[in-house]
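Student: One structure follows; several queries about it will come next.
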Amino acid sequence: MLESLITSKTRLKLLVKFFVNENNQSHLRGLAEEFGESTNAIRKELNHLTEAGFLVKQSEKNKIEYKANTDHPLYLNLHELIRKYLGFDKLLEAILERMGNVSQVVVTGDYAKGNNTGVVTVDIVGEKLNEEYLEKLSARIEKVIQKKVEFHLNDGIPDPKGLVLYSKE
């Protein structure tokens, strides 16, 4: 869906990288290596997104680090759009539907880092969770979001670097 609106695959990868999780940041060579693309292609898109104000850059040692500009007026819109593009809204809805007493849902692994690898790892934190429902949910949600989903039940503290989709507080 979003591919038809944003025709540059590199730009879409960068948007996913930086707007799925506001804590994600990276530098040119790291992005080129991660995406398997030339530094020139990455640099061009980074410059476009920075000039438009969507990304900010900061010098750190000998590298220029890029990250999402959370002060941009469209930041929240892009953040939500990317999460919907990845299917996180449907994933969360399905988990909360019949999972039990869920206190937190946290995406960990590659997707929390902004890497669209096709495998979504989700930690579900809570008490008396419905494990039987989880087995059925995995197959159902994979069809809906077109990605493999790995669920982990957790009654402790989730990965602090994870992307919190839901928190009951």
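Student: Can you pull out the trypsin sites (Lys or Arg not before Pro) in the stretch 12-121 whose DSSP state is coil and whose Cβ has at most 12 other Cβ atoms within 10 Å?
Tutor: Sparse-neighbourhood loop trypsin sites (Lys or Arg not before Pro): K61.
Student: Counting DSSP beta bridges with both partners in the stretch 66-169, what percentage is antiparallel, nearest 5?
Tutor: 60
Student: Rounded to the nearest 20 Debye, what is the dipole magnitude of the stretch 14-169 about its Cα centre when Lys and Arg each give +1 and Asp and Glu each give -1 at the C-beta?
Tutor: My answer is approximately 440 debye.
Student: Over the stretch 1-66, give the accessible area per residue in Å² for a 1.4 Å probe, as an integer.
Tutor: Value returned for the stretch 1-66: 60 Å² of accessible area per residue.
Student: How much of the accessible area of the chain, probe 1.4 Å, is carbon plus sulfur, in whole percent?
Tutor: Within the chain, the accessible surface is 47 percent carbon and sulfur.
Student: Over the stretch 1-90, how many pairs of lysines fall under 23 Å by alpha carbon, counting only those 8 or more apart in sequence or from different chains?
Tutor: Lysine pairs satisfying the spacing and distance rule in the stretch 1-90 number 24.
Student: Relative contact order for the chain using alpha-carbon pairs under 8 Å, separation at least 6, rounded to a whole percent?
Tutor: 22
Student: Could you give me the radius of gyration and the Dmax of the stretch 34-79, taking only the C-alpha atoms into account and expressing both in angstrom?
Tutor: 11.6, 32
Student: Still on this model: Non-local amide H neighbours of Q25 (under 5 Å, H modeled in plane, Pro and chain starts lacking H): which ones?
Tutor: For Q25, no residues qualify.
Student: Using only Cα positions of the stretch 8-68, each an equal point scatterer, no hydration layer, compute I(q)/I(0) via Debye at q = 0.14 Å⁻¹ and quote the log10 values to two decimals.
Tutor: -0.32
Student: Taking every alpha carbon pair in the stretch 60-136, what does the distance histogram look like in 5 angstrom bins from 0, in percent?
Tutor: P(r) for the stretch 60-136, in whole percents per bin: 3, 12, 19, 19, 17, 13, 7, 5, 3, 2, 0.
Student: Could you work out the per residue convex hull volume over the alpha carbons of the chain, in cubic angstrom?
Tutor: 124
Student: How many times 2.2 N^0.38 Å is the alpha carbon radius of gyration of the stretch 107-169?
Tutor: In units of the globular-protein estimate, the stretch 107-169 measures up at 1.12.
Student: Can you find, among L91, L134, S4, the residue sitting farthest towards the positive end of the charge dipole of the chain, where Lys and Arg contribute +1 and Asp and Glu -1 at Cβ?
Tutor: Final value for the positive-end residue is S4.
The values are calculated or read from the model by the stated rules, or taken from the named source; none is laboratory data. This structure is a prediction, so every number in the text was calculated from the model and none was measured. Note that we place each Cβ from the backbone using ideal geometry, even for glycine, and neighbour counts take in every protein chain shown. Surface accessibility is based on the protein's heavy atoms, side chains included, excluding ligands, DNA and RNA. Shrake-Rupley method; radii C 1.70, N 1.55, O 1.52, S 1.80 Å.
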